[in-house]
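Here is the structure we will look at, set down as structure tokens.
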Amino acid sequence: MTSFALRIVAMLLMVIDHAGYLLFDNNTVMRMIGRLSFPIFCFLIAEGLSHTKSLKKYLLRLALFAAVSEIPYDLVFHKTAFYQESSNVFFTLLLGLAAAAVIKKSEKLHIALRALLGAAAVVLCSFAAEWICCDYKSYGVLAIVLFYLFRENRVLALASFSALTLYRYGVKDMSTQIFEQFYASGALKETVLFVLLKGAKTTYYFGTAIQSLAVLSSAIIALYNKERGSKRLKWAFYLFYPAHLMVLWGIYLML
């Protein structure tokens, strides 16, 4: 599967996800399908960094569409044109690319300096992602970095990404939420299992669980044949994100 084909698949999955959220009352099945979209975009960002002829233009394109997409994103996900407490996914992709770019630019330096600069870039970009509350936050930054670091070993790249996903949305979130529910119950005599069975915030637990399904995108990414495919529609891929959000918003208003 070429990178062009991967983009098409990722966009279709994204539309299903966003339509499920806005038009079908946060439909669980559609949202589950949509979990496979973001990792593919992260993988393509890392691949793009490996082959881009102009890193500056690459960064500027992402920055431009991060700005262009913010109002459509806020309308769809927050029902207002300006929402300051979260940012669209282009900001995540931009920060992930920036962190991976520092790693790439420092590859010819001494290993100690390279590790220091790379770690600093990842920490700063991850912190920025958390601070502006962009989609997927630091998880997205780390996913892009892992895909770039292990770009020559597909198995290792997918394994590290899967481990990150299962930790972030499995072990970390679930253990935190279980503890919070157990503590909030106010009854230390109750077991964690009993608290869960009472149904406290079951949708919150389930929401975390379906995010872990992102690991299934590995099966799609594994089909990548390292070929670019069609060179047409380059800008269309960038325009598609804000455009499809506005189309969905328009449909929502007519319903």
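If we only count helices (runs of 4 or more DSSP H) wholly inside the range 155-255, which ones have 3 or more residues that are touching a Phe, Trp or Tyr at 6+ places or on another chain (Cβ under 9 Å) and at pLDDT below 90? By residue number, 173-184, 192-197, 202-211.
Restricting the first member to the range 220-237 and to residues that are more than 21 Å from Ser162 (Cα to Cα), and the second to residues that are of a type in the set (Ser, Thr, Tyr) and surrounded by 12 or more Cβ atoms within 10 Å (Cβ to Cβ), the beta-carbon pairs closer than 7 Å and six or more apart or on different chains are Glu227/Thr2; Arg228/Thr2; Arg228/Ser3; Gly229/Thr2; Gly229/Ser3. Say we look at the range 218-249 and pick out the residues that are charged (D, E, K, R) and in contact with a Ser or Thr (Cβ under 8 Å, 6 or more places away or on another chain); which of these is surrounded by the fewest Cβ atoms within 10 Å (Cβ to Cβ)? In this case the residue turns out to be Glu227.
Pairing residues of the range 126-146 that are in contact (Cβ under 8 Å) with a residue 12 or more places away in the chain with residues that are of a type in the set (D, E, K, R) and not in a helix (DSSP H, G or I), at Cβ distances under 8 Å and at least 6 apart in sequence or on separate chains, gives Cys133/Glu85. Total residues in the range 29-63 satisfying the condition of being under 20 Å from Asp135 (Cβ atoms) and of a type in the set (S, T, N, Q): the figure is 1.
The values are calculated or read from the model by the stated rules, or taken from the named source; none is laboratory data. Here the structure is a predicted model, which means the values were calculated and not measured. Positions of Cβ are backbone-derived with ideal geometry, glycine not excepted, and every protein chain shown enters the neighbour counts.
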